[in-house]
Amino acid sequence: MALKARVLYDFSSENQGEISISENEMVTLFSEEELQGWLEGENSRGDVGLFPASYVEIIRDHITSNNNNGFSSPKVVTPTHVTYSQKGPEAGSVGSGGGSFHTSQGSDDDWDDEWDDTSPATDTPRGLGTSPPSLYPVTTSLPGRRSSSQQPQAKSSATVGRNLNRFSTFVKSGGEAFLLGEAAAFVRDGDKICVAMGKHGPEWQEDPYPFTCTIDDPTKQTKFKGMKSYMSYGLTPTHTNVQVNRRYKHFDWLYARLVERFPVISVPHLPEKQATGRFEEDFISKRRKGLIWWMNHMTSHPVLARCDVFQHFLTCGADEKAWKQGKRKAERDELVGANFFLTISTPAVPLDLQEVESKIEGFKTFTKKMDENIVLVNTTINDFARKQMSGFKKEYQKVGQSFKLLSQAFEMDQQVFSAGLNKAIAYTGDAYEAIGEYFADQPRHDLDPISDLLDLYRGHLANFPDIIHVQKGALTKVRDCPTLEGELHDRCNIISCATLAEIQHFHRTRIRDFRGQMQHHLQQQIGFFQKITAKLEDALQRYGSEQ
């Protein structure tokens with residue numbers, strides 16, 4: 001008979017391989033053996049996966065033994081640990097040991113850790129019913145989603161060195177491997193990234209040779225004798241003043257490399273792709289504006305601006321061989337994942353981890369509120385822009401047409417001395433129709449730029465949960481490993497310094513961007529209403545003092 005358990009507390013899944021459970025819900029357990037404080041089972045909705053062991057209570061009343069009714073109690077197999085293969089598991093399995101998480105298969109890159117079997121050979125089948133072997137005599141516990149005052153913590157294991165969930169950002173980013181001392185790579189002086197202690201905390205060391213890059217209006221190009229068309233963007237960085245041409249797919253490739261290389265840096269999102277209408281003027285214009293914002297954020301970031309792959313993207317000209325060589329070099333880069341953290345140089349004085357956690361929590365609250373209000377502002381200004389382009393324009397044109405009809409009616413009196421008034425009223429009608437066109441045209445000057453900026457920052461805000469997850473995973477590991485606290489603390493300090501430096505850069509860039517954009521918006525609004533005022537004053541002059 002299957003093991004049953006009653007849920008004591010609500011739990012919401014946040015990573016692949018986990019399932020959500022609700023208080024008083026009955027769940028089925030695949031085994032009562034815990035894996036680093038987690039159990040595997042099936043909830044009442046049929047979802048299969050992992051949940052915290054301390055959040056459920058196993059019900060044993062329905063399990064009977066041979067002594068009372070002739071039925072044997074369920075046999076719990078004690079398997080050996082799970083082995084993770086460098087080549088990646090088969091579909092649905094955690095590793096070559098055959099244990100199943102009952103989840104969709106990840107890519108080979110998700111399974112880059114190998115756990116060596118150090119236990120004696122045994123005939124016992126392998127599975128998920130036991131913890132994997134530890135590389136370090138450390139302890140771990142349930143990821144800290146709730147404070148101790150709200151929910152109890154999961155039970156800890158005495159000899160655990162790795163997270164069970166190999167899909168978590170902390171694992172896939174290389175943060176866990178770095179923290180456990182598994183990173184190894186040669187770091188050149190030019191690859192080193194310095195974090196300095198600024199007035200308000202850790203910050204990236206400024207680029208001593210800052211530059212910008214312009215993006216010209218794209219041109220339509222063809223290849224394969226006109227069978228395939230694409231848009232080409234001319235990029236001119238100020239530190240070379242040499243134009244290079246890039247397609248959108250080149251931007252897309254660069255973005256993927258940067259995300260892989262920098263796990264705790266918010267790489268700005270590219271403008272969205274579009275399957276149809278790629279050559280329409282409005283789409284081309286909007287994409288170019290989005291790429292300009294993207295480029296501005298890239299060139300102003302002290303780390304991203306000077307990385308090799310970005311410099312290759314900006315400076316490699318029409319030589320296809322050189323481009324491919326740089327591309328292959330970037331794709332073979334060793335300083336990714338866990339090795340990225342080896343490139344970071346931190347201040348001499350380590351950070352206070354409690355203070356780091358407090359700052360991270362404050363930033364999480366800030367980003368959540370900012371994201372909510374970005375959605376609100378974007379919705380509001382887009383609605384207002386639609387009203388200006390359709391409703392306002394239509395209403396002003398109706399007023400203008402009514403004045404012109406009045407002028408036509410007055411002309412029927414055939415009085416010579418009324419001709420001046422009739423023309424003035426007709427001109428007023430024209431003025432109102434022109435003002436309607438002003439309203440229709442204005443959003444692209446003052447509201448659309450704000451919307452473009454908000455879209456860019458929504459991308460940044462979407463990046464930070466993963467960045468914070470890496471830092472919090474490191475912090476949790478240090479706290480749960482008191483026997484190695486000093487050894488792990490230094491590596492956790494590197495991750496924390498990088499995370500806080502990126503948060504500091506985000507705030508500085510945000511203040512710069514929103515100050516400049518709001519100034520631009522108000523300047524455009526002032527100019528807009530001055531243009532309307534000038535039009536109305538011109539119409540007023542047509543009436544004179546005496547006709």
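The values are calculated or read from the model by the stated rules, or taken from the named source; none is laboratory data. Just so it is clear, the model here is predicted, and its values are computed rather than measured. Note that we place each Cβ from the backbone using ideal geometry, even for glycine, and neighbour counts take in every protein chain shown. In case anyone asks, the SASA skips ligands and DNA or RNA and just uses the protein heavy atoms, side chains included. Shrake-Rupley method; radii C 1.70, N 1.55, O 1.52, S 1.80 Å.
Some observations on this one:
- Residue within the stretch 483-495 that is open to solvent by 10 Å² or more (accessible area, probe 1.4 Å) and free of Cβ contacts under 8 Å to residues at least 24 places away in the same chain present: yes
- Residues satisfying the stated conditions in the stretch 529-547, i.e. outside any loop (DSSP other than H, G, I, E, B) and either free of Cβ contacts under 8 Å to residues at least 40 places away in the same chain or in contact with an Asp or Glu (Cβ under 7 Å, 6 or more places away or on another chain) (or both): Phe529, Gln530, Thr533, Ala534, Glu537, Leu540, Gln541
- Applying a threshold of 6 Å to beta carbon distances and a minimum spacing of six or more residues, or different chains, the list of pairs starting in the stretch 315-329 at a residue that is within 21 Å of His239 (Cβ to Cβ) and ending at one that is assigned to a loop (DSSP other than H, G, I, E, B) and among the hydrophobic types (A, V, I, L, M, F, W, C) reads Ala322/Cys316; Trp323/Cys316; Gly326/Cys316.
- Check on Gly337, farther than 22 Å from Asp207 by Cα, of a type outside the set (A, V, I, L, M, F, W, C) and in contact with a Gly (Cβ under 6 Å, 6 or more places away or on another chain): yes
- Just one of the listed residues (Lys324, Lys249, Lys286) is modelled with pLDDT under 95 and over 30 Å from Thr343 (Cα atoms), and it is Lys286.
- Residue match in the stretch 281-304 (condition: open to solvent by 30 Å² or more (accessible area, probe 1.4 Å), within 19 Å of the chain's Cα centre (by Cα) and among the polar types (S, T, N, Q)): yes
- Note on the stretch 397-409: residues that are surrounded by 16 or more Cβ atoms within 10 Å (Cβ to Cβ), out of contact with any Phe, Trp or Tyr (no Cβ under 6 Å at 6 or more places or on another chain) and not charged (D, E, K, R) amount to 3.
- Residues satisfying the criterion are present in the stretch 407-414 (criterion: more than 38 Å from the chain's Cα centre (by Cα), of a type outside the set (Ser, Thr, Tyr) and not in a helix (DSSP H, G or I)).
- Comparison of Lys423, Lys387, Lys394 shows that the only residue that is farther than 30 Å from Phe283 by Cα and either open to solvent by less than 50 Å² (accessible area, probe 1.4 Å) or in a helix (DSSP H, G or I) (or both) is Lys423.
- Within the option set Leu475, Leu500, being assigned to a helix (DSSP H, G or I), crowded, with 18+ Cβ neighbours inside 10 Å, of a type outside the set (Lys, Arg) and modelled with pLDDT under 95 holds for one residue only, Leu475.
- Of residues in the stretch 503-515 being open to solvent by less than 30 Å² (accessible area, probe 1.4 Å) and of a type outside the set (S, T, N, Q), the one farthest from the chain's Cα centre (by Cα): Asp513
- All positions within the stretch 23-44 that are closer than 10 Å to Val56 by Cα and either open to solvent by 60 Å² or more (accessible area, probe 1.4 Å) or free of Cβ contacts under 8 Å to residues at least 24 places away in the same chain (or both): Glu23, Asn24, Glu25, Met26
- Any hit, the stretch 342-349, residues being surrounded by fewer than 17 Cβ atoms within 10 Å (Cβ to Cβ), in contact with a helix residue (DSSP H, G or I) (Cβ under 9 Å, 6 or more places away or on another chain), at pLDDT below 90 and not in a helix (DSSP H, G or I): no
- Selection count, the stretch 208-258, where residues are acidic (Asp, Glu) and either out of contact with any Ser or Thr (no Cβ under 9 Å at 6 or more places or on another chain) or free of Cβ contacts under 8 Å to residues at least 60 places away in the same chain (or both): 2
- Meets criteria (at negative phi, touching a residue at least 24 places away in the same chain (Cβ under 8 Å) and open to solvent by 50 Å² or more (accessible area, probe 1.4 Å)) for Arg444: no
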